[in-house]
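In what follows, a single structure is set out as structure tokens and then discussed.
The values are calculated or read from the model by the stated rules, or taken from the named source; none is laboratory data. Worth saying up front: this structure is predicted, and the values here are computed from it rather than measured. Here the Cβ positions follow ideal geometry from the backbone for every residue, glycine too, while neighbour counts run over all protein chains shown.
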Amino acid sequence: MSAPAITPVFVRLKLSLLRNGLRRSGAQRVAYIASAVIALLFAVLQMVGLIALRGQAHIDALVVLLTAVLGLGWAVMPLFFPSGDETLDPTRLVMLPLRPRPLVRALLAASLVGIGPLFTVCLLAGSAIAVARGGAAYAVGVVAVVLALLVCVAFARAVAAANVRLLSSRKGRDLAVLSGLVIAIGAQVVNFGAQRLGSSGLGELDPVADVVGWLPPASAIGAVHSVSEGSYGVAAAQLALSGAALVVLIAVWSRHLTRLMTSPDGSTLPAAGSAARERTSSGLGRLLPAGRTGTVMERSLRYVWRDPKTKAAWVTSLAIGLIVPVFNAWQGTGSVYFACFAAGMLGIQMYNQFGQDTSAFWIVAMTISSTRDAYVELRARAYALLLITLPYATLVTVVTTAMLGDWRRLPEALGLSFALLGAMLATGAWTSARFPYSIPQEGYKNVAPGQTGLAWISIFGGMIAAAVLCAPVIALTIWLNVSAGGDDWTWLLLPVGAAYAAGLTAAGLRLAAPQTARRLPEILGAVSKG
Amino acid sequence: MGSSAVRVQGLWKRFGQQVAVAGIDLELPAGKFIGLVGPNGAGKTTTLSMVTGLLRPDHGTVEVVGHDVWRDPVEVKARIGVLPEGLRLFERLSGRELLAYTGRLRGLPGAEVDKRATQLLDVLDLAGDQHKLVVDYSTGMRKKIGLASALLHNPEVLFLDEPFEGVDPVSAQTIRGVLERYTASGATVVFSSHVMELVESLCDWVAVMAAGRIRATGTLAEVRGEAPSLQRAFLELVGAQSRDAGSDLDWLGGGSR
């Protein structure tokens, strides 16, 4: 029996996978279509924008950098979103009798199908048109776009194949969960860069682009510009570089692919050097109170460090809670009151407590048989949170105050921070019991499909309620600041805020406890969808 | 027969259009090794979830050792141990930490928890991996650590959902040994399975479930009746005819391709 060509089979497989994206429940289908439409719309707008910028100064530098960023995006994509493309995982094909060469060809062809490649083609075509002048340049442009796209796709495939062992291990999946942080930090860097460009002009890009223009796949687009300038030799060299890169990437990919297809699956073998460390009871464990309170606190604190999802959420909260007040104070636009941001961001961690447990919540549910149990459980979780949050919020407030030199306002800023924290703990405990939702453990999503509405009610409803609950302290602050002689009494806001916070938290826990005890099966059902 | 460990009356559960459990009545005797058998999708997991208080039934009552599961959770939860199927553990804890956590949540004194944990880890052959995170455990090790946390507070009734599913023969033998020792002391084990040979060799009392209903209950001999094995009796009970596969697959086997 002669082997039929497998390239069409793989292309059809990819098309089926894309089409199957539509065969899901209502909300998911809408999200799928919406994201595809938005991506394409964005791509077309970018292309039109690039073409409109044709002939502008520094456009050559811009498109070269854009292509480089695009290439980088393709390279890191498989590391952060390993499940993004199911055909990316060659280990799924391991049982099939396939030869490496036709397989590489087929997989490469299949990777060209999809929203991502279409998006990339739009951007690359826009870039080529933006810098092309004259027939020769357009001809080179066609070659450059195809070459750059192939380099991007082969890059992604090579990275995925080379790291499949890491990606299929637990550590790799943990890493993928932290990708949100990289993106958040990347966004800050881009933001900072854009601000600098805005103040000093696109000319800043030129020296960078001179270097990047020699790196594939950006060198392909660089070649289009070189032809337009009449430097045919440079253009040929740049195109050759991209071509060579493509050959090397495919060779690397092919080699890893062959090894993956012929060697046993490594995901079940223990990774070298991962001998279990002795996890002795930490000093902290002995300092915590006995009984349920200490037990729950210890587990919560361990999860902050050990569970990638929880860790990512905490690091984000800690970072943003520090960055917003301190950066604003640094730029001279800040106010002491911005320090409340730290308390607010960290207070969010009290929300959806049981969702953070995932379906392991059954262990908790099996041991809660009264309102009292539920109260102690929730209170212990709030204690664990306070153990980190209270010193941190205080520190951020003091640092912000010190940077602004506004020491007179320190007591009221602290009082407001504590009041906000108390309100967040209270509303967080209540919404945890009333509106729990699942947090998927894999990938970057924080809400299971179909529960987005629930998450919005929980977080935003809770935050608005927290703000309303804080209103008395805010009103008192304003009143003391505007009334004659009130300044002498602003120190009162610290004890008042702290006491108010303690009262709110206690009340919130008291209200949440019976809800929790009564709704255990419902909560378990809601948090087990991840 | 003595008192009953579990008494279920008129238990119903519907998920949307699908009726998972269609009004079952069941009385499980105390002090026995009880098998709840049935094909996949028969409603075994749903039933066990409702009996253990992890899922709220649409109708019906459940009593465990004489106490209503939904009205008297204090009495029930202290007396039962559960190993559910398809639910996670706190996997970012090590095996030992998980036991320490579960035992203390159950209200046992810390020193006692640590003593029992050491013994359970030893007997279940997990001592070497006790400091590894549960997330890195194999299926068999997970089932064993789950069993250890279910036994830690010495429950009167133990509910195990598919405790041998995906477990290697060595771990299975270990689990078996622990369970046999436990029932010999007068405790009750209720476990679900679709592997008849296993049920036949372990249980002295069986309840057969199919399509959300109880088809038969009784001692092994009663349920088996005239049939040569529980497997055959089961197939007859659930009405699965053995299809004649003679002519359809005539190309299968032999030398030619």
Checked pairs for the range A:375-401, first assigned by TED's automatic domain parsing to the domain that holds A:L421 and under 26 Å from A:G332 (Cα atoms), second in a helix (DSSP H, G or I) and of a type in the set (D, E, K, R), C-beta under 7 Å and 6 or more apart or across chains, list as A:T401/A:R409
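Conditions tested, residue by residue: (1) at pLDDT 85 or above; (2) of a type in the set (A, V, I, L, M).
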position	(1), (2)
A:V37	yes, yes
A:M47	yes, yes
A:V76	no, yes
A:D85	no, no
A:M95	no, yes
In the set A:L17, A:L62, the lone residue that is farther than 30 Å from A:G450 by Cβ and surrounded by 12 or more Cβ atoms within 10 Å (Cβ to Cβ) is A:L62
One residue is enough: does the range A:507-519 have a residue meeting the conditions within 14 Å of chain B (Cβ to nearest Cβ), buried (at least 20 other Cβ atoms within 10 Å of the Cβ) and assigned to a helix (DSSP H, G or I)?
yes
Restricting attention to the range A:410-449, the residues that are among the charged types (D, E, K, R) and crowded, with 22+ Cβ neighbours inside 10 Å number exactly 1
Worksheet item: Any residue in the range A:420-437 that is in the same structural domain as A:A448 (by TED's automatic domain parsing), free of Cβ contacts under 8 Å to residues at least 12 places away in the same chain and part of a helix (DSSP H, G or I)?
Response: no
Pairs returned, first residue in the range B:162-184 that is free of Cβ contacts under 8 Å to residues at least 60 places away in the same chain, second residue that is charged (D, E, K, R) and in a helix (DSSP H, G or I), beta-carbon separation under 8 angstrom, 6 or more apart or interchain, are B:F164/B:K143; B:G166/B:K143; B:V167/B:K143; B:S171/B:K143; B:S171/B:K144; B:T174/B:K144; B:I175/B:K143; B:I175/B:K144
When B:E63 is run through (1) more than 7 Å from chain A (Cβ to nearest Cβ); (2) surrounded by fewer than 23 Cβ atoms within 10 Å (Cβ to Cβ); (3) within 23 Å of A:A526 (Cα to Cα), the failure sits at (3)
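So that you can scan it fast, the table gives a plain yes or no per residue for (1) more than 30 Å from A:Q441 (Cα to Cα); (2) within 14 Å of chain A (Cβ to nearest Cβ):
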residue: B:A5; (1), (2): yes, no
residue: B:I24; (1), (2): yes, no
residue: B:D72; (1), (2): yes, yes
residue: B:V82; (1), (2): no, yes
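On the given criteria, is A:L504 modelled with pLDDT of 90 or more, more than 14 Å from chain B (Cβ to nearest Cβ) and either farther than 21 Å from A:A312 by Cα or in contact with a Leu (Cβ under 6 Å, 6 or more places away or on another chain) (or both)? Walk me through how you get there before you give the answer.
Details: modelled with pLDDT of 90 or more: yes; more than 14 Å from chain B (Cβ to nearest Cβ): yes; either farther than 21 Å from A:A312 by Cα or in contact with a Leu (Cβ under 6 Å, 6 or more places away or on another chain) (or both): yes.
Spelling it out, A:L504 is indeed modelled with pLDDT of 90 or more, more than 14 Å from chain B (Cβ to nearest Cβ) and either farther than 21 Å from A:A312 by Cα or in contact with a Leu (Cβ under 6 Å, 6 or more places away or on another chain) (or both).
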| query | Do we find a residue being on the phi > 0 side of the Ramachandran plot and surrounded by fewer than 20 Cβ atoms within 10 Å (Cβ to Cβ) anywhere in the range B:106-119? | reply | yes
Margin query: Looking at the range A:447-462, can you tell me whether even one residue there is closer than 30 Å to A:T367 by Cα, within 14 Å of another protein chain (Cβ to nearest Cβ) and polar (S, T, N, Q)?
Written below: no
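Condition first: within 20 Å of A:I388 (Cβ to Cβ) and either surrounded by fewer than 24 Cβ atoms within 10 Å (Cβ to Cβ) or within 14 Å of another protein chain (Cβ to nearest Cβ) (or both). Now tell me which residues in the range A:352-361 satisfy that.
To start, the set of residues in the range A:352-361 that are within 20 Å of A:I388 (Cβ to Cβ) comprises A:352-357.
Selection gives A:Q353, A:F354, A:G355, A:Q356, A:D357.
Just to verify a result, which residue in the range B:97-137, among those that are of a type in the set (S, T, N, Q) and away from chain A (no Cβ under 11 Å), is farthest from A:R170 (Cα to Cα)? Write out each step before concluding.
The first filter runs over the range B:97-137 and keeps only residues of a type in the set (S, T, N, Q), leaving B:102, B:118-119, B:130.
Subset that is away from chain A (no Cβ under 11 Å): B:118-119.
Values: B:T118: 27, B:Q119: 29 Å.
It comes out as B:Q119.
Within the range A:209-239, which residues are of a type in the set (G, A, S), modelled with pLDDT under 80 and not in a loop (DSSP other than H, G, I, E, B)? Even if it seems obvious, please write down each step before you answer.
Here is the first cut: in the range A:209-239, the ones of a type in the set (G, A, S) are A:209, A:213, A:218-220, A:222-223, A:226, A:228, A:230-231, A:233, A:235-237.
With modelled with pLDDT under 80 added as a condition, the list becomes A:209, A:213.
Answer for the range A:209-239, where residues must be of a type in the set (G, A, S), modelled with pLDDT under 80 and not in a loop (DSSP other than H, G, I, E, B): just A:A209.
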